[in-house]
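Worksheet: one structure, shown below.
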Amino acid sequence: MKSVILSRWLTALLACLIVQNVVAIEVNPDDETSLQDAAKTVASAMMKFYEDRDSKDIPGKMDGTWWEGGSMFMTLIQYWYLTGDDQFNDAIQEGMYWQKGEDDFFPSNYSQYLGNDDQVFWGLAAITAAELNFPERDDEPSWVSLAEGVFNGQIPRWDMTSCNGGLRWQIWPYQNGYGLKNAISNGGLFQLSARLALYTKNSTYADWAEKIWDWSASTPMLRKTWVIADTTSVAANCKDHGDHQWTYNYATYICGAGYMHNYTNGEDSKWLEGITGLLKTSDQFFPTSGGNQIISDITCEPIEKCDRNQKTFKAYFTSWLGFMSLIVPTETMADMMARFKVSAVAAGQQCSGGSDGTHCGIRWTKKAEWDQTTGLEQQMSVLGVLNAVMVPLKAQGPYNADNGGKSESNPHGGTNTQGSVGPEPITTGDKAGAGILTAIFVLFWGGAVAWMVKGA
């Protein structure tokens, strides 16, 4: 019996040693084939997580989260464009169209708990599909019209009842984040507006992008020192600031400024000033533990407290800035793109986990020492940086209505009206009506909750 137990123990030990010694994904950041092969390995492992999820009967819906489906598809659309690998295209199309809601990515099944940031990520996925000429289905709305639907759904939520403007983090009063206005919601709509402006040449989108940027700069959310606050509260009239530093907050404002710089043909200096200022502050995300060359979400990674959302953030910082590098002066992004190369090599070295040695960790600064974590989110982050490094090798796009973009604009996307883009001015009567409706909704919700608690 002892010999059997010893044999099993030795077998388990050997298996562990084999896994620990699996060769990580070797990345040559200057070789397109190496990058494409690495990206295919990482993307395939990511999609295995997607295929094995409990909610797999609902296209685009991830277990325990909804917004992450949009960000995953966005990353896969970039991957398709850069590699030509179309094996995931059907899944992307199916998931994107399934979750489109009323052509605004606000599906009724999930709308009761979504935040503005949740919705905008699907809009950013849609504008990415438009900019990269991702295939559309004939019987479905265009990608750019779906992005416009998100814009048209969010602009009426611009809240002039507090802080002189801004989007609240959450949409409904019963949500914990309703009292906050945050960087990713406002920065996300800013980026979406800027990209819609460049794609469609519709000045309304540019006007809103500038309005959102200027409002952000009037609060601690976007400070003159180029430090971005994660949140600010309505209770403090948006004078306070929650200062957790996250890569994706910086990325969304940098990226939007890049698109506005291109849209204005560089005639407004504030956009390039914003890009360079925010890039400089982003040095903090390249700590000494990685030789100041490897990206890290410094708020959570060193203490190993990143949640599943935070594990995806580097995907957006790297891939958004990678594509932005095509439309801003080359020297602006030269240093950052060089850092992405080093980060891509380090990220590949983290991909030695799982039974097949293709599962990636999140702490790339640990280099070849796998951090023992696995997940769809880790794969997405690695795919994001690989995408970013492949961008200069493609050296085309993003497309728009003037240079080969095939997706057709519909400024009334997500609405059933034929009016102008954006909401009518909010009147006193509108505010009063909204207040009454909100009060009725809260009372109804409170009664429903009380009834459920009593019934339990």
- Message: List pairs: first residue in segment 322-333 and closer than 14 Å to LEU132 by Cβ and without any contact (Cβ under 8 Å) to a residue 40 or more places away in the chain, second residue open to solvent by 20 Å² or more (accessible area, probe 1.4 Å) and among the hydrophobic types (A, V, I, L, M, F, W, C) anywhere in the structure, Cβ distance under 9 angstrom, at least six positions apart or on different chains.
- Response: none
- Query: What single numbered condition from (1) open to solvent by 10 Å² or more (accessible area, probe 1.4 Å); (2) under 27 Å from ALA197 (Cβ atoms); (3) assigned to a helix (DSSP H, G or I); (4) in contact with a helix residue (DSSP H, G or I) (Cβ under 6 Å, 6 or more places away or on another chain) fails to hold for THR365?
  - Reply: (2)
- Query: Which ones in segment 153-195 are surrounded by fewer than 21 Cβ atoms within 10 Å (Cβ to Cβ), on the phi < 0 side of the Ramachandran plot and assigned to a loop (DSSP other than H, G, I, E, B)?
  - Reply: TRP158, ASP159, MET160, THR161, SER162, TRP172, PRO173, TYR174, GLN175
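For the subset of segment 196-216 comprising residues that are polar (S, T, N, Q) and either in a helix (DSSP H, G or I) or at pLDDT below 95 (or both), which member is surrounded by the fewest Cβ atoms within 10 Å (Cβ to Cβ)?
Here is the first cut: in segment 196-216, the residues polar (S, T, N, Q) are 200, 202-204, 216.
With the extra rule that they be either in a helix (DSSP H, G or I) or at pLDDT below 95 (or both), the set shrinks to 200, 203-204, 216.
On the way: THR200: 26, SER203: 11, THR204: 17, SER216: 24.
Step by step, filter segment 196-216, then rank; the result is SER203.
For segment 302-338, give me each residue that is within 14 Å of TRP246 (Cα to Cα), out of contact with any strand residue (DSSP E or B) (no Cβ under 9 Å at 6 or more places or on another chain) and either not acidic (Asp, Glu) or not in a loop (DSSP other than H, G, I, E, B) (or both). Outline the logic, then answer.
Of segment 302-338, the ones within 14 Å of TRP246 (Cα to Cα) are 302, 305-318.
Now narrow it down to the ones that are out of contact with any strand residue (DSSP E or B) (no Cβ under 9 Å at 6 or more places or on another chain): 302, 305-307, 310-318.
Those that are within 14 Å of TRP246 (Cα to Cα), out of contact with any strand residue (DSSP E or B) (no Cβ under 9 Å at 6 or more places or on another chain) and either not acidic (Asp, Glu) or not in a loop (DSSP other than H, G, I, E, B) (or both): PRO302, LYS305, CYS306, GLN310, LYS311, THR312, PHE313, LYS314, ALA315, TYR316, PHE317, THR318.
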- Output for Cβ contacts, cut-off 9 Å, separation at least six or different chains, first residue within 13 Å of THR373 (Cα to Cα) and open to solvent by less than 50 Å² (accessible area, probe 1.4 Å) in segment 305-318, second of a type in the set (S, T, N, Q) and assigned to a loop (DSSP other than H, G, I, E, B), reads CYS306/THR299; CYS306/THR373; LYS311/THR373
- Task: Please specify each residue of segment 230-250 satisfying the condition of being outside any strand (DSSP E or B), β-branched (Val, Ile, Thr) and over 14 Å from ASN309 (Cβ atoms).
- Result: VAL234
- Task: Kindly establish whether THR219 is over 21 Å from GLU267 (Cα atoms), of a type outside the set (Lys, Arg) and surrounded by 18 or more Cβ atoms within 10 Å (Cβ to Cβ).
- Result: yes
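If you check SER108 against the conditions, is it over 21 Å from GLN378 (Cα atoms) and either within 19 Å of the chain's Cα centre (by Cα) or at pLDDT below 95 (or both)? Explain how you work it out, then say what you get.
Numbers: over 21 Å from GLN378 (Cα atoms): yes; either within 19 Å of the chain's Cα centre (by Cα) or at pLDDT below 95 (or both): yes.
For SER108, the condition - over 21 Å from GLN378 (Cα atoms) and either within 19 Å of the chain's Cα centre (by Cα) or at pLDDT below 95 (or both) - is met.
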- Might you let me know whether segment 80-92 holds any residue that is among the aromatic types (Phe, Trp, Tyr) and in a loop (DSSP other than H, G, I, E, B)? yes
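Buried (at least 18 other Cβ atoms within 10 Å of the Cβ), under 16 Å from the mean Cα position of the chain (by Cα) and over 23 Å from PRO411 (Cβ atoms): is that true of GLN93 in this structure? So that I can check it myself, show each step before the final result.
Numbers: buried (at least 18 other Cβ atoms within 10 Å of the Cβ): yes; under 16 Å from the mean Cα position of the chain (by Cα): no; over 23 Å from PRO411 (Cβ atoms): yes.
In short, no.
I'd like the full set of residues that are among the small types (Gly, Ala, Ser), under 14 Å from GLY322 (Cβ atoms) and under 20 Å from the mean Cα position of the chain (by Cα), limited to segment 374-402. Give the steps one after another, and end with the answer.
Step one: list which residues in segment 374-402 are among the small types (Gly, Ala, Ser), which gives 375, 381, 384, 388, 395, 397, 401.
Within this subset, residues satisfying the condition of being under 14 Å from GLY322 (Cβ atoms) are 381, 384, 388, 395, 397.
Within segment 374-402, SER381, GLY384, ALA388, GLY397 qualify.
Quick one: is TRP226 touching a helix residue (DSSP H, G or I) at 6+ places or on another chain (Cβ under 6 Å), under 18 Å from LYS270 (Cβ atoms) and either open to solvent by 10 Å² or more (accessible area, probe 1.4 Å) or assigned to a loop (DSSP other than H, G, I, E, B) (or both)? Write out each step before concluding.
On the way: touching a helix residue (DSSP H, G or I) at 6+ places or on another chain (Cβ under 6 Å): yes; under 18 Å from LYS270 (Cβ atoms): yes; either open to solvent by 10 Å² or more (accessible area, probe 1.4 Å) or assigned to a loop (DSSP other than H, G, I, E, B) (or both): yes.
Yes; evaluated as a whole, the condition is true for this residue.
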- Message: Can you go through ASN410, ASN292, ASN403 and tell me which one is within 26 Å of GLN191 (Cβ to Cβ), free of Cβ contacts under 8 Å to residues at least 60 places away in the same chain and of a type outside the set (A, V, I, L, M, F, W, C)?
- Response: ASN403
- Query: If we keep just the residues of segment 99-152 that are of a type in the set (Phe, Trp, Tyr) and part of a loop (DSSP other than H, G, I, E, B), which is surrounded by the fewest Cβ atoms within 10 Å (Cβ to Cβ)?
  - Reply: TYR113
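The values are calculated or read from the model by the stated rules, or taken from the named source; none is laboratory data. Model, not experiment: these values are computed from the prediction. Don't worry about glycine lacking a Cβ; one is built from the backbone with ideal geometry, like all the others, and counts go over all protein chains shown. All accessible areas refer to the heavy atoms of the entire protein, side chains included, with ligands and DNA or RNA removed. Shrake-Rupley method; radii C 1.70, N 1.55, O 1.52, S 1.80 Å.
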